[in-house]
Amino acid sequence: MGVLSTNKARWQGDSTVIPTFINATITEMINLQEMRHAGTKGGPQRLSGVKDWNGTWEELALVPTFWPGDEVTFYGSLNGALGYTGDALVTGVTINIPVATKAPPKVTGTFRGIDALDDTDDTTVAIPAAATPPSVEGICVQLQPIDGGEFANQAGTSDITITLTIEDQPFHDCGSSGVMDAIEGNWDANISYSRYVDDPTDLPNPGDAHSVRVPIDALGTQYYQFNYMRVGDISGITFDRAAGALFLPTIPLMMSMIETVNSTVTVGAGVTKPDTNIWRPTET
């Protein structure tokens, strides 16, 4: 017996190696079935239940390598050769864009197993190609009035967080071989951003509807677009005389697929990825 360092860990989904991978975590579950009966003499008996597993990964990126709803075979290599593999459903990504510090953007993804997880001494993942995390300098949230007009920068935008999720619907039946399976359910998207202003009337109003863009470059040539979103509860409206802190409220934006646009009830396009493909909805 010995010890194993993960300083050569790598992460891959199907044939795609994540070049700016930071870390990943997997949890194996057995769902032990606890019972007490006459034969246990007052103590518990535990039998194996349905096997299940889930995990997370982190990468330095503005665009995730894998998207919620993707079904992929993950290969997690502890040292380039040893590790784990299994089919999984991606359930969420959170994209943190730290404009305030200009630190690299970070994607945190979540996934759950849809088949057995195998530990193996043959989990070979290639060394990824060299890559540099993208810059977050100059990225501002952009809002457009619901009835049209130009997208306008939210000047003073500080940190931004985009969250995309699906609801997984797990199931186990007579053909599942003791391993939990799952399919995709409903989806959601939201954004949260903090913003420096010198006049609170410059903030959007809670309940207002907008089309929203979050660029992935300072020029705004590529962007996430959300049609439509509503402003939620604005927080961080703090009066800090003691510290003389800067006024920096936080504005949440929440997906709202149907809005009245120019007096017409309209179904929005949902979430458009920076490559101009629609993430959700998939219904046409």
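Just the residues that are surrounded by fewer than 19 Cβ atoms within 10 Å (Cβ to Cβ) and either touching a His at 6+ places or on another chain (Cβ under 7 Å) or of a type in the set (Val, Ile, Thr) (or both), please, taken from the stretch 21-44. Can you show your working first?
Applying the first criterion (surrounded by fewer than 19 Cβ atoms within 10 Å (Cβ to Cβ)) to the stretch 21-44 yields 22-23, 25, 27-44.
The answer is 22, 25, 27, 30, 40.
The number of residues in the stretch 143-180 that are of a type outside the set (Asp, Glu) and in contact with a Pro (Cβ under 7 Å, 6 or more places away or on another chain) comes to 5. Criterion applied to 118, 181 was being of a type outside the set (Phe, Trp, Tyr) and surrounded by fewer than 15 Cβ atoms within 10 Å (Cβ to Cβ), and the one residue passing it is 118.
Residue count for the stretch 197-207 under the criterion of being in contact (Cβ under 8 Å) with a residue 40 or more places away in the chain and assigned to a loop (DSSP other than H, G, I, E, B): the result is 4. Total residues in the stretch 193-208 satisfying the condition of being crowded, with 18+ Cβ neighbours inside 10 Å and hydroxyl-bearing (Ser, Thr, Tyr): the figure is 2. Taken over the stretch 209-222, the criterion of being surrounded by fewer than 19 Cβ atoms within 10 Å (Cβ to Cβ), within 20 Å of the chain's Cα centre (by Cα) and of a type outside the set (D, E, K, R) is satisfied by 222 alone.
Would you list the strands (runs of 3 or more DSSP E) that sit entirely within the stretch 50-137 and hold 1 or more residues that are at pLDDT 95 or above and out of contact with any helix residue (DSSP H, G or I) (no Cβ under 9 Å at 6 or more places or on another chain)?
Values: elements: 52-59, 71-77, 83-97, 106-113, 118-120.
Output list reads 52-59, 71-77, 83-97, 106-113.
Within the stretch 10-25, count every residue that is out of contact with any Phe, Trp or Tyr (no Cβ under 9 Å at 6 or more places or on another chain) and of a type in the set (Phe, Trp, Tyr). The qualifying residues number 0. Taking the criterion of being among the β-branched types (Val, Ile, Thr), within 17 Å of residue 117 (Cβ to Cβ) and not in a strand (DSSP E or B), the only residue of the stretch 7-32 that qualifies is 30. When the stretch 138-149 is limited to residues that are in contact with a Lys or Arg (Cβ under 9 Å, 6 or more places away or on another chain) and not in a loop (DSSP other than H, G, I, E, B), the one that is farthest from residue 159 (Cα to Cα) turns out to be 144.
Suppose we keep only residues that are within 25 Å of the chain's Cα centre (by Cα) and of a type in the set (D, E, K, R) within the stretch 164-178. Which one would you say is surrounded by the most Cβ atoms within 10 Å (Cβ to Cβ)?
In the first step, residues of the stretch 164-178 are kept if they are within 25 Å of the chain's Cα centre (by Cα); the result is 164-171.
Okay, now just the ones that are also of a type in the set (D, E, K, R), so 167-168.
On the way: 167: 13, 168: 20.
Across the stretch 164-178, the extreme among qualifying residues is 168.
The values are calculated or read from the model by the stated rules, or taken from the named source; none is laboratory data. Keep in mind it's a predicted model, so treat the numbers as computed, not measured. Note: ideal-geometry Cβ built from the backbone for every residue, glycine included; neighbour counts use all protein chains shown.
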